[in-house]
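Just so it is clear, none of the values below were taken in a lab; they were calculated from the coordinates. Quick caveat: nothing in here was measured; it's all calculated off a predicted structure. Ideal geometry is used to build each Cβ from the backbone, glycine not excepted, and the neighbour counts take in all protein chains shown.
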Amino acid sequence: MATVSSPPFQFPVPKLDPEPDDSDPDPTRLPTIFNLSFNQDHACFAVGTDFGFRVYKCDPFVITIRRDFFTGGGFGLVRILNTSQIFAIVGGGPDPVYPANRVMIWDDHKSLPIHDRSFRSEVRGLKLRSDRLVVVLNQKIVVHSFPNSKPLHEILTAENPKGLCEVSQSPGPMVLACPGLHKGQIRVENYALKRTKFIMAHDSSLACFGLTPDGRYLATASSKGTLVRVFSTSDGTLLQEVRRGADRAEIYSLAFSCTGQWLAVSSDKGTVHVFSVKVGSGSMEKDRSRGTSEGGVPNPSGISSLSFIKGVLPRYFSSEWSVAKFHLQEGLQHIVAFGKRKNTIMIVGMDGSFYRCQFDPVNGGEMTQLEYHNFLKPEETF
């Protein structure tokens with residue numbers, strides 16, 4: 001098994017009072033963010049910093065939990081269970097709250113650890129559901145029951161320094177997607193059907209992928225970052241291919257809407273794109289035959305504007321493009337999720353930025369910014 005025995009760990013006591021005091025080494029210093037993650041239904045997000053962790057509710061935007069550990073308090077990974085006070089936590093940074101090979105299940109209401117499990121190598125990623133905890137190591141994934149953290153299944157993967165792994169969040173047996181053993185390959189575990197499917201998604205190394213909440217569809221991007229592909233997880237069929245751009249980019253986040261109708265993509269190019277997902281037609285070729293106008297908005301005529309030269313132009317010109325986009329600071333990492341309000345997305349950045357934007361599903365174009373916060377600034381958090 002991947003787990004190892006370890007002595008009981010004494011979790012440091014957090015500073016519950018957000019006001020600075022004499023024990024703070026620098027009470028005016030803003031935290032450095034190590035990790036950002038939305039919860040299962042995108043109602044809130046968690047932030048792991050170099051001296052604590054925080055949780056923010058998305059709508060309305062407000063801080064709900066702040067825990068600071070001014071000595072030995074770095075949090076590399078923080079995952080919150082729904083909107084509860086149950087967390088899966090991994091230490092990180094130069095002064096971690098505890099070793100990076102250790103996963104702590106923490107009950108913040110009781111200020112007590114529920115479970116504490118150690119591994120032989122650094123934890124690269126975490127996924128949390130009401131019934132499962134998934135721990136991602138460099139070349140292995142361990143699926144645990146939850147909340148008792150009993151190991152149930154081990155999966156060998158190719159080297160996975162980014163901790164890539166996605167799990168379905170709808171009630172019922174889990175669907176899990178993770179890297180396979182070969183470059184560009186994704187392994188899909190359907191625990192309801194007790195079936196494993198391997199998908200050769202890309203020729204290049206995997207950079208990012210995402211699942212619909214029910215686990216039926218999978219979006220993938222490679223290290224090239226120009227194309228995003230949508231697959232059926234049941235049989236591995238390629239359903240749709242969309243183009244983020246022509247230049248190489250690092251894809252940071254892929255997120256489906258709750259219905260699977262839309263897909264949001266963020267990258268280091270400083271642009272968030274929203275694509276229309278047309279998996280209902282059964283195949284990518286059927287969708288293309290219905291035609292799209294420039295920008296990826298459905299063409300009512302059903303005739304592609306480029307159909308008269310199909311097979312002549314390079315693939316670049318026949319690709320499906322985004323419906324809408326939003327511009328951010330280039331080179332900065334952001335994660336994205338769809339909001340509860342109609343046609344809205346939320347964007348959270350490693351600089352402490354929070355955006356709520358709205359897109360026009362018919363006319364497309366530039367998104368409208370509805371809201372902005374810098375959640376690291378004291379006046380924004382208290």
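Odds and ends about this structure:
- The lysines whose alpha-carbon is closer than 16 Å to the alpha-carbon of Lys197, local same-chain residues fewer than 8 away aside, are Lys183.
- Within the stretch 86-239: Cβ-based charge dipole about Cα centre, in debye rounded to nearest 20 (Lys, Arg +1; Asp, Glu -1): 300
- Comparing Cα centroids, the stretch 85-131 and the stretch 168-203 end up 24 angstrom apart.
- Given +1 at the Cβ of Lys and Arg, -1 at the Cβ of Asp and Glu and no other charges, the dipole of the stretch 159-209 around its Cα centre is 160 debye to the nearest 20.
- For the peptides 214-223, 192-201, the ranking by packing is 214-223, 192-201, with the highest mean count of neighbouring Cβ atoms within 10 Å listed first.
- Cα centre as origin, Lys/Arg/Asp/Glu Cβ charges: the stretch 120-179 dipole, Debye: 100
- What the Cβ-Cβ distance of Ala246 and Thr368 gives, at R0 = 25 Å and to the nearest 0.05, is a FRET efficiency of 0.45.
- Each peptide in 183-189, 344-350 receives the mean, over its residues, of other Cβ atoms within 10 Å, and ordering these scores from highest gives 344-350, 183-189.
- A straight Cα-to-Cα reach below 18 Å connects Lys150 with the lysines Lys127, Lys140, residues fewer than 8 places away in its own chain not being considered.
- Positive-pole candidate from Gly74, Leu112, Ala88, dipole of the stretch 59-140, charges at beta carbon: Ala88
- Remark: the stretch 42-188 is approximated by an ellipsoid whose semi-axes, taken from the C-alpha gyration tensor as √(5λ), come to 25, 18, 15 Å, largest first.
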